[in-house]
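Below: one structure in structure tokens.
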Amino acid sequence: MNIHEYQAKEILSTYGIPVPRGRVALTSDQVERAAKELGGHCVVKAQIYAGGRGKAGGVKVVHHPEQAQDLGKELFGKRLVTPQTGPEGLKVRRILVEEAVEVAREFYLSITLDRNSSRYCLIASAEGGVDIEEVAKRSPEKILMFTIDPALGLRPYQARKLAISLGLTGSICEDCVTLMLNLYRVCQEKDCVLVEINPLVVTRAGWLLAMDAKTSFDDNAIFRHHEYPDMMDYSQLDTLEINAGKYDLSYIKLSGNIGCMVNGAGLAMATLDVLAEYGGQPANFLDVGGGATREKVAEAFKIILEDADARGVFVNIFGGIMRCDVIALGIIEAAGEVNCTLPIVVRMDGSQVEEGKRLLAESGLNVQSADNLGDGAAKIVAMLRQ
Ligand code: ADP
Ligand code: MG
């Protein structure tokens, strides 16, 4: 789960990490007022669930409140396209207005989960800022990495070693040590999979400041933090993914034209592979999980049909816990409700399979049953070609 920069900065701030003074605005008039309060010379920052905003025109310095207001008018409602958003971009609905900071140096600092070692690792670079991806590509030796032992936690001497490697000395170096230790506390206590400060700056006046902040929470830990669901900005998410989330279904959007309903991640992977083998391209896949009810299958099927890219549907379900007649009834109910005329291929196996096939055959839908995965993939590809 992602949150906005301004929310991440609120969290960092409660852990003693210094951030620029700022205000969030929902209208261009609020942008103007915030700019006035901050003295006119400030930075207007579009809030979207993606980085790379600076280069895409989503972060700009202004010198007067009116200029801030004009920029607000331009940004609100605009879809900002950055290398991290995909071609459709993300709509700007909130803007952070922040004091303009005089920067002496920009660093990169993050803590993220390293899935190879299953540990948090601290990543830092003396060449932070908007070109960090370039630095990582061109001169990876400039990216410093340190794996944190979960039993020991991050020790001050380890943080100090890293701060010194960044070229910091004296009191700024000690401030950086404190900041790194606090950042590690944020990670642990807030169950983060990523906290990133890019850039972490040393100001002209000689202070450390987190000028950008990105935080992602571990979805599996959301139940431990009752405030997280309210922090979510649904305007930044795919509406179909939101609906799927409501019914506890996992829905992933892909780029092809065949909607796929499966149960279990393993079967999902096999389905996509075999479909590709037969020349088919999945538009999405929706995992209904084990033991779904007829209602859940119906909701899942409707979500797949709502994807405008889906020209046909391939259902591949192993009815171990789920009964095949229940799956068939769910499909028939959903398809009937939305008058679905798309070609459907259902490959199911297991408990009550004959009854399920009979229900489908008698449903009047444009549906074929398949005997195995290869047969099903071939059938849906052939139906789409017709
Ligand atoms: P993104 O990473 O999405 O491009 P940032 O928040 O990092 O967005 O902003 C991009 C760049 O804009 C930063 O690297 C920094 O140079 C500049 N910037 C951001 N906030 C401020 C600020 N408050 N004062 C001065 N410059 C800023
Ligand atoms: Mg940044």
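Grab the other residues whose beta carbon is less than 12 angstrom from that of A244, score K and R as +1, D and E as -1, and report the net.
Neighbour charge sum, excluding A244 itself: -3.
Moving on. Could you compute the net charge surrounding T147? Neighbours are other residues with a C-beta less than 15 Å from the C-beta of T147; K and R count +1, D and E count -1.
Local net charge: +2.
Now for a separate question. Please list log₁₀ I(q)/I(0) at q = 0.09, 0.12, 0.16 Å⁻¹ for the range 238-385, using the Debye equation with identical point scatterers on the alpha-carbon positions.
Reported log10 I(q)/I(0), two decimals: -0.21, -0.39, -0.73.
What does the charge dipole of the range 286-330 about its Cα centre add up to, to the nearest 20 debye, if the Cβ of each Lys and Arg holds +1 and the Cβ of each Asp and Glu holds -1?
Approximately 180 debye in magnitude.
Let me ask you something else. For the ranges 240-250, 31-41, 207-217, what's the packing order if you count other beta-carbon atoms within 10 Å of each residue, average per peptide, and put the highest first?
The packing order, highest mean first, is 207-217, 31-41, 240-250.
Applying 1/(1 + (r/R0)^6) with R0 = 30 Å to the Cβ-Cβ distance of L113 and R385, what FRET efficiency is obtained, to the nearest 0.05?
Efficiency for this residue pair is about 0.10.
At 1.4 Å probe radius, can you tell me the per residue accessible area of the range 48-131 in Å²?
49
Return the whole-Å distance between the Cα centroid of the range 308-325 and the Cα centroid of the range 213-248.
When both Cα centres are located, 26 Å separates them.
What ranking do 42-50, 138-146, 11-19, 372-380 get when scored by the average of other Cβ atoms within 10 Å per residue, highest first?
Taking the mean over residues of other Cβ atoms within 10 Å, the ranking is 42-50, 372-380, 11-19, 138-146.
Can you give the FRET efficiency for T239 and K78, using 1/(1 + (r/R0)^6), R0 = 25 Å, r = Cβ-Cβ distance, to the nearest 0.05?
The value I calculate is 0.85.
Determine the gain in length on full extension of the stretch M145-A361; use 0.36 nm per residue of separation and subtract their C-alpha separation, reporting nm with one decimal.
71.9 nm
Suppose the chain between I164 and S255 were pulled fully straight at 0.36 nm per residue; how much longer would it get relative to their current alpha carbon spacing?
Result: 28.2 nm gained on full extension.
Could I ask something else about it? Can you give the Kirkwood hydrodynamic radius of the chain from its Cα pairs, in Å with one decimal?
23.7
Moving to a separate point now. Tally up the carbon and sulfur contribution to the accessible surface of the chain as a whole percent, 1.4 Å probe, everything protein left in place.
50
Which pairs break 26 Å Cα to Cα here: K78/K214; K253/K357; K9/K60?
K253/K357
May I pose another question? What lysines sit close enough to K246 to cross-link, taking a C-alpha to C-alpha distance under 25 Å and skipping anything fewer than 8 places away on the same chain?
In chain and number order, the partners are K91, K190, K296, K302.
With an 8 Å cut-off on Cα pairs and a minimum separation of 6 or more residues, tell me the relative contact order of the range 238-385 in percent.
For the range 238-385, the relative contact order is 24 percent.
If you don't mind, there's one more thing I want to ask. Within the range 233-264, find all residues whose amide N lies under 17 Å from a label point positioned 7 Å from the Cα of L194 along Cα-to-beta-carbon.
Hits in the range 233-264 for L194 at 17 Å: 233, 236-238.
The values are calculated or read from the model by the stated rules, or taken from the named source; none is laboratory data. Just so it is clear, the structure is predicted and the values come from calculations on it, not from any experiment. Every residue, glycine as well, gets a Cβ built from its backbone with ideal geometry; the counts of neighbours run over all protein chains shown. Note: accessible area is taken over every heavy atom of the protein model, side chains too, but ligands, DNA and RNA are not part of it. Shrake-Rupley method; radii C 1.70, N 1.55, O 1.52, S 1.80 Å.
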